[in-house]
Amino acid sequence: MVLSCTNENESIKPEIKNITESVYASGFIKSKNQYEVFGKSNGVIEKIFVSEGMQVKKGDPIFQLDNKNSKITTENARLASAAADYTLNKDKIIDAEKAIVLAEKKLENDSLLFQRQKNLWKKSIGSKIELEQKELSFENSKVGLATAHTNYEELKRQIKLLSDQSKNNLEIAKILEADFMVRSEVDGVVYKINKEAGDLINGSGAAAVIGTEDFIIELNIDELDIVKIKKGQQVFIRMDSYKSEVFKAKIVTIDPMMNIRTRSFQAEAVFTKNPSELFPNLTVEANILIHTKEDVLTIPRNYLVNDTTVRLEGGKLQKVVTGLMDYDLVEIKDGINKNTTIELPE
């Protein structure tokens, strides 16, 4: 661009350049697989195993919660399981088996006595009462044997049920006790610890933040612009941490559900090349490239006054019709031409 100095104000003439259409979005840097740590059980922190910035593996302990009551419950369940163990109750089953053998012998004996009494009765020996008594004893013995078998099967069922239930209760107690040890769900880095030993962990606030060393950019896109956004589109990222530097990224996912409260959609982007240092929750401003216009009349954006006018040489304001805008340039559709000299607004 041609620059000159008029009354100590910088002045230029518009130039023919390429300009891009883009959609603005704000957002923040987020660790991939980043999550907030909550305990599965409420409890007081007894011990902290990690520090901020520490590398952790999936399953590594983060917090130990006070679990004295849980330990007692587990021990009681272990004792109950041992007492109800199937193998330790075999004596009861053996006794039931012996009862069946005795019932079988009694039935066999009563059957012989009944048969003998019937034979005597046929020879008119003995009384009818004796015959009926022997028959009644025989019938009772049959019922006794059936009862012994039923008792045996019922005892086996009950002992097995109690044994299985006590083992299950012990496993449940172990699981509940394990819940008092809060462990990492990913291989990653401890980015933030929000609690100290003695603090209560509950559902009201995250105890820590853990994520991987890979980063994504979470963007909020206005509902008016979402139809223009597609996967793979290039994104230009600026961060306060890097001042005037611009980094390239690309859209990788678009959440199809709108946030009703903010009237915006969420999209994720990844850096084409990562900055040298990144941290979770750094704020970003992004321009998502929609398309490029070639050979259009442009001026720097800082020469535009209130998005509608420019200052001509000598100070007069001139209305202009603008088109596309990017970080640095604005397209001028009407109002001035490439021979017009404009001044930088004060």
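Residues whose amide H comes within less than 5 Å of that of residue 43, counting only those at least five positions distant or on another chain, are 201 (H built at 1.01 Å from N in the peptide plane). Relative to the longest principal axis of the Cα atoms of the chain, helix 128-178 runs at roughly 20 degrees. Principal-axis analysis of the Cα atoms of the chain puts helix 90-122 at an angle of about 40° to the longest axis.
Note on residue 341 and residue 261: the extension gain reaches 24.2 nm, defined as 0.36 nm multiplied by sequence separation minus the Cα-Cα distance. Per-residue 3J(HN,Hα) values for segment 182-195, derived from phi via the Karplus relation 6.51 cos²θ - 1.76 cosθ + 1.60 with θ = phi - 60°, read 7, 10, 5, 9, 9, 7, x, 10, 7, 8, 8, 10, 9, 10 Hz in sequence order (x marks Gly and Pro). Measuring nothing but alpha carbons in segment 18-63 and taking Rh as the Kirkwood radius, the Rg to Rh ratio lands at 1.26. Here r is the Cβ-Cβ distance between residue 154 and residue 88 and R0 is 25 Å; the resulting FRET efficiency, rounded to 0.05, is 0.85.
A simple rule links phi to the HN-Hα coupling: the Karplus curve 6.51 cos²θ - 1.76 cosθ + 1.60 with θ = phi - 60°, which for segment 54-62 gives 7, 6, 9, 9, 4, x, 5, x, 10 Hz, with x for Gly and Pro. State which entries of 13/316; 17/243; 71/167; 13/250 exceed 23 angstrom in Cα-Cα distance in the structure shown. Exceeds cut-off: 17/243; 13/250. Once the C-beta distance of residue 200 and residue 333 is scaled by a Förster radius of 56 Å, the resulting FRET efficiency is 0.35 to the nearest 0.05. Taking one equal scatterer on every alpha-carbon of segment 251-346, how large is log10 of I(q)/I(0) by Debye at q = 0.11, 0.21, 0.25 1/Å? For the requested q values the scattering log ratios are -0.55, -1.02, -1.29. This structure gives mean projected area of the Cα convex hull in nm², computed directly, and of (1) 20.4; (2) 33.2; (3) 18.7 that value is listed as (2).
Over all Cα atoms in segment 71-178, the spread is summed up by Rg and Dmax: 23.5, 81 Å. The alpha-carbon of residue 333 sits under 19 angstrom from the alpha-carbons of these aspartates and glutamates, leaving out residues fewer than 8 places away in its chain: 15, 21, 294, 295, 307, 343. Straight Cα distances below 14 angstrom link residue 134 to the aspartates and glutamates 108, 110, with same-chain residues fewer than 8 positions distant left out. The value of relative contact order for the chain, using C-alpha pairs under 8 Å at least six residues apart, is 31 percent. Mean residue ellipticity, 222 nm, helices only, the chain: the sum of -39500 (n - 2.57) across DSSP H runs of n ≥ 4, divided by residue count and rounded to 500, is -10500 deg cm²/dmol. Between the helical axis of 68-83 and the longest alpha-carbon principal axis of the chain there is an angle of about 30 degrees.
None of the figures in this text is laboratory data; all of them are computed from the coordinates on show. It should be emphasised that the depicted structure is a prediction, and the values quoted were computed from it without experimental measurement. Cβ sites come from the backbone with ideal geometry, for glycine too, and all protein chains shown count toward neighbours.
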